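Structure, as structure tokens:
Each reported figure results from applying straightforward, stated rules to the coordinates on display, with no laboratory input. Quantities reported herein were computed from a predicted structural model and do not represent experimental measurements. Cβ coordinates were reconstructed from backbone atoms using ideal geometry, including for glycine residues, and neighbour counts include every protein chain displayed.
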Amino acid sequence: MAMALGTAYRISDVCLLVEDIDRTVAFYVDRLGFRLRRRAEGFADFHGEGVTLAAWEIDHISQHTGVSKLRSPRLAHKVCVAVKLDAPGEIDRLYADLTAKGVPFQGPPGDYVWNARCAYFTDPDDTLWELYAWLDGGPGDYHEERP
């Protein structure tokens, strides 16, 4: 029986493809408070809990692996990195702290129909980030029925 990727293995890393590794490292370290773990030509990754966050210059990965270096237009989001916080009030505190550091949020935190308090910001390469905490009742137990 074949193993299914989504059930047999856990996601270990999220690697953001970026245009300028120095700019990205500065943003993630200076503004978001990540600790740099490794730094190499065109690449960096950061200490974190659970999934490893990494950044790789798109020209560098293309040069070494042959993957496309086609860029998305500005403000086109291809991924959303979500960070779960323990309580809705933490969203507001972190929003205030990060806004003071110049992190560009889409707007103030809000309560959404999926029963979470969220705030959204982008990094210098327009990667969308979500800060969220479940409101009372949590995420619920809903799913779509499959035929």
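Quick notes on this one:
- Each peptide in 50-57, 98-105, 74-81 was scored by the mean count of other Cβ atoms within 10 Å over its residues; highest first, the order is 50-57, 98-105, 74-81.
- Under-5 Å amide H pairs with L16, H placed in peptide plane, nonlocal only: A54, A55, W56
- Backbone HN-Hα couplings from phi across region 13-25 [Karplus 6.51/-1.76/1.60, Hz, Gly and Pro as x]: 9, 10, 10, 8, 8, 10, 8, 9, 5, 5, 4, 5, 4
- Distance between the 7 Å Cα→Cβ label points at V83 and R71: 2.5 nm.
- If only the Cβ of Lys and Arg carry +1 and only the Cβ of Asp and Glu carry -1, the dipole of the chain around its Cα centre is close to 320 debye.
- Dipole of the chain computed with +1 at Lys/Arg Cβ and -1 at Asp/Glu Cβ about the Cα centre; of L53, A26, Q63, farthest Cα towards the positive end is Q63.
- Length released on extending from N115 to E19, taking residue separation times 0.36 nm less the Cα-Cα span: 31.1 nm
- Residues considered: D136, D20, D92. Largest GNM mean-square fluctuation over the chain, using C-alpha springs under 10 Å, is found at D136.
- Mean residue ellipticity at 222 nm, helices only, the chain: -5500 deg cm²/dmol; runs of at least 4 DSSP H residues each add -39,500 (n - 2.57), and the sum is divided by the number of residues.
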